[in-house]
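Worksheet for the structure shown next.
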2 protein chains.
Amino acid sequence: MPFDADELAARLQAVRLRMVAADLDALVVVDPANIHYLTGYDAWSFYMPQLLLVTHDEEPVLALRSMDAHGAHRTARLPASRILGYPETWVHQPDRHPFAWIVDALRERGLVRAGRVGYEAEAHFLTVRSFLAMQRAAPEWTLVDAEQLVNWVRLVKSPAELERMRAAGRVCTAAMLAGFDAIRPGMGQHELAAVVAHAQAMGVDGVAGDYPAIVPMLPTGEAADTPHMTYSGRVLEAGEAVSFEIAGVSERYHAPLARTVSLGRPMRELQALADVTAAGLDLVLDGMRPGRTLAEVHALWQEHLRAAGYEKASRLGYSIGIGYPPDWGEHTVSIRGDDDTVLAPGMTLHVIAGMWMTGFGCELSESVAIAEGGVELLTHVPRELVVR
Amino acid sequence: MPFDADELAARLQAVRLRMVAADLDALVVVDPANIHYLTGYDAWSFYMPQLLLVTHDEEPVLALRSMDAHGAHRTARLPASRILGYPETWVHQPDRHPFAWIVDALRERGLVRAGRVGYEAEAHFLTVRSFLAMQRAAPEWTLVDAEQLVNWVRLVKSPAELERMRAAGRVCTAAMLAGFDAIRPGMGQHELAAVVAHAQAMGVDGVAGDYPAIVPMLPTGEAADTPHMTYSGRVLEAGEAVSFEIAGVSERYHAPLARTVSLGRPMRELQALADVTAAGLDLVLDGMRPGRTLAEVHALWQEHLRAAGYEKASRLGYSIGIGYPPDWGEHTVSIRGDDDTVLAPGMTLHVIAGMWMTGFGCELSESVAIAEGGVELLTHVPRELVVR
């Protein structure tokens, strides 16, 4: 358990304060990153229905599939009495849903009381069927979209969390450099992914790697005009560029990083794009300091791009921390024109300049922590276009 | 594109037949495995709202985030006119949702017509907010839970799909044997995971590895009484047993496999459990042939276990094929007492005997295809408890 009881208690307290502000009597948490944040629970069980119920006056209750409940005490800082397991006979059945079992079990413990109950309407693992089953089983509950209530509490990291983010950054640096060492024309994308995946798990300097929420993404050649392409057996060819986007992970905390590698002399338009992007990222990182809004930071970038004759519609970054598949973003702040969040020490962001043109593209990013004086880089990889 | 246009057309036709049977005028598909099955589309874009609309009389329409739509033609066998991208300004906004944009775009194309429209209520990436936004934006649609409509079409594999499953099995065999070669007391779990992850991506004999829907799971020592524990920096100790569960993947098709490794002489109770499990699995595999029901197969296992003095509450396996995080199961048939599905040639299953006791456990499995005469093994790893 990487965090002590006091830290978990402080997190829970912060969540309850937000629940008061939102007039919520209880909160149903499903996002595995939020469950991990509040309890330490960590296992690949989130593909089955599970939830954490947070109330104001009692310890949270974790309810999940019985086979997973059996060993949940190994990672969750909760007493056995607060871990409930639904029977196997409720798994994948057309006529009954585990959330109905869970609500009944909570009711037996006096935890289903009339009131406003928040749920995470945009969480990936709260299925519509889970939601409808909960709604039917708990008519006392007025279900309210709590939006990203717990995610917002996660926005500013504690000193212990910042240590994890730095460790994740070291793993990421090592994995990216391992990729640079290995890449060559004639190699399959999957062979490059193998090298990176190995380095991500191995970690570095006594930091064990943990699994990334997203696998190595390697948009290559013309396909680099689109992000989020994963790897295949396609062979890398001389003259192509590869956009690498990977993360280093330490105990579920993620530090992502993107770099672009040109296999041989880059096309002139790619080099020009990469130069503009790098200069813009320098400018942005220099401008990120406590007190500035994300919209102000974004404006620096937009002005720079406009002057250079480029455009980028997508946001320039987002908050990072704990990640579970399918995403390492925290789903709160974004670096874009309409986000007036004020930067504060302890925030951690992935600042990513992904320039997806037509038939080519480049990606360049940094994972950073906001410190008193400006940004602290979490990763340490040279920022220029890499030529191999 | 691993499958030709005829094969995709046949899949679509099979889905439409089931839509007729379910009295559906249209179907909203969100499960990335189902979208891949019907179009070939493949990218790590499913963490953002996206859907495929299937109607009876027109080509399907894929709607997703604009940056992903831009390159979707590289994997999706759809004309550009059937790929829609919602603007970046709709991403992560509290006051508007991409599904509203998508419904409007579909309406402009005449595709939002009054009728019964199926949706996947238990799909992981159809969030409650997506569902509610769709419901509000398309009042003409009577939304009906289509359950696992497309998943059921996937149950029986085509000859081309069976080739992919065999390729996945070869990758899995290589990755499991790489793990056996590397494992030793004193090694961190993450170091073992690194070796396995490397082998999973490298593939074998000309088959490129693709990324697995689930990372290597390595429940170790006492924690092996629970499945789904992922890896950490914990050091493997002499005398402990490790339950490995991994998959080999070829072009999104998964062949999973579980084995148990004892680091040194196994405890007597583990060896006894492993022997009973192995004999039971032999019996079950021998009993799996076309015409038998899954409940009948399960009864063979239950009788064997009961005679040996053990119990297992969880199912003995499930259908496999295309997988995306967080699951490689197809969510249709299960090997358990209440599943009367009749085995037929072309079905592929992961038969997994996971015996989770208290303070120890063992896992043993095979990925198989049902052939005319019985099972075809997709993986080739000796079935006894491995001692290292």
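The values are calculated or read from the model by the stated rules, or taken from the named source; none is laboratory data. Remember, predicted model here, so these are calculated numbers, not experimental data. We place every Cβ from the backbone using ideal geometry, glycine too, and count neighbours over all the protein chains shown. Just so you know, the surface numbers come from the protein's heavy atoms only, side chains and all, with ligands and any DNA or RNA stripped out. Shrake-Rupley method; radii C 1.70, N 1.55, O 1.52, S 1.80 Å.
Tell me the net charge near residue B:93. Cut-off is 12 Å between Cβ atoms, residue B:93 excluded, with +1 for each Lys or Arg and -1 for each Asp or Glu.
Taking every other residue near residue B:93 into account, the sum is -2.
What is the Rg over Rh value, at two decimals, for segment A:240-388, using alpha-carbon atoms and the Kirkwood definition of Rh?
Rg divided by Rh gives 0.96.
How large is the accessible surface of residue B:64 in square angstrom, using a 1.4 angstrom probe and rounding to the nearest 10?
That residue has around 0 Å² of solvent-accessible surface.
In segment A:5-153, what percentage of the DSSP-assigned beta bridges are antiparallel, given to the nearest 5?
That works out to approximately 40 percent antiparallel.
Using only protein heavy atoms and a 1.4 Å probe, how much accessible area in total is buried between B and A, to the nearest 100 Å²?
On the way: alone 16170 and 16160 Å², together 26060 Å².
When B and A are taken together, about 6300 Å² of accessible area is lost.
For label points placed 7 Å from Cα toward Cβ, what is the shortest-first list of nm distances from residue B:142 to its copies?
Reported distances to equivalent positions: 3.2 nm.
Could you give, in nm with one decimal, how far residue A:9 is from each other copy of that position, shortest first, with labels 7 Å out from Cα toward Cβ?
Counterpart label points of residue A:9 in the remaining copies fall at 6.9 nm.
Give the average, rounded to an integer, of partner chain Cβ atoms located within 10 angstrom of each Cβ in A:137-147.
Per residue, the average neighbour count from other chains is 1.
Please list B:95, B:68 from largest to smallest accessible area, probe radius 1.4 Å, with all protein chains kept in place.
Result, largest first: B:95, B:68.
Label-point separation (nm) for residue A:372 and residue B:338, each offset 7 Å from Cα along Cα-to-Cβ?
6.2 nm
Summing -39500 (n - 2.57) over the DSSP H runs of n ≥ 4 in chain A and dividing by its residue number, what mean residue ellipticity at 222 nm do you reach, to the nearest 500 deg cm²/dmol?
-10500 deg cm²/dmol
If I take every Cα pair under 8 Å that is 6 or more residues apart in segment A:5-153, average their sequence separation and divide by the length, what percent do I get for the relative contact order? Intermediate values should be presented prior to the final figure.
On the way: 233 pairs, mean separation 38.6, N = 149.
Over segment A:5-153, the number comes to 26 percent.
What accessible surface, in Å², does a 1.4 Å probe find on residue B:145, ignoring ligands, DNA and RNA and rounding to the nearest 10?
60 Å²
Compute the long axis of helix A:189-202 from its Cα atoms, compare it with the longest principal axis of the Cα atoms of chain A, and write down the angle in degrees, 0 to 90, nearest 10.
60 degrees
Note down the net charge around residue B:227, summing +1 for each Lys or Arg and -1 for each Asp or Glu among other residues with Cβ under 10 Å from its Cβ.
-3
Distances in nm, one decimal, shortest first, from residue A:345 to the same residue in every other copy, taking the label point 7 angstrom along Cα→Cβ.
7.2
Within the set of other residues whose C-beta is less than 13 Å from the C-beta of residue A:104, count the net charge using Lys and Arg as +1 and Asp and Glu as -1. Spell out each step's value before the answer.
Values: positive: A:96, A:107, A:109, A:136; negative: A:108, A:140.
So the environment of residue A:104 carries a net charge of +2.
Which percent of Cα-Cα pairs in the protein assembly as shown sits in each 20 Å bin, short to long?
So the P(r) values, bin by bin, are 17, 53, 29, 1.
Relative contact order (percent) for chain A, with alpha-carbon contacts under 8 angstrom and 6 or more residues of separation?
It rounds to 15 percent for chain A.
Residue by residue through segment B:5-18, which ³J(HN,Hα) values in whole Hz follow from phi under the Karplus form 6.51 cos²θ - 1.76 cosθ + 1.60 (θ = phi - 60°), with glycine and proline marked x?
Calculated HN-Hα couplings, in order: 4, 4, 5, 5, 5, 5, 5, 4, 4, 5, 5, 5, 4, 5 Hz.
Would you list B:136, A:383, A:388 from the most to the least accessible area, probe 1.4 Å?
Result, largest first: B:136, A:388, A:383.
Hey, what angle do you get for helix B:268-287 against the long axis of chain B, alpha-carbon based, 0 to 90 degrees rounded to 10?
Approximately 50 degrees, to the nearest ten.
Give the percent of DSSP beta bridges with both residues in chain A that are antiparallel, rounded to the nearest 5. List each step's numbers first, then the result.
Values: 44 of 58 bridges.
Just about 75 percent of them are antiparallel.
In terms of the ratio Rg/(2.2 N^0.38 Å) built on C-alpha atoms, what value belongs to chain A?
Numbers: Rg = 22.3 Å, N = 388, 2.2 N^0.38 = 21.2 Å.
For chain A, the normalised Cα radius of gyration comes out at 1.05.
Considering amide H positions built from the backbone, and no H for Pro or chain starts, which residues 5 or more places from residue B:343, or on another chain, come under 5 Å of its amide H?
Close amide H contacts, sequence-distant or interchain: B:291, B:292, B:293, B:294.
Would you tell me the accessible area of residue B:318, worked out with a 1.4 angstrom probe on the heavy atoms of the protein chains, in Å² to the nearest 10?
30 Å²
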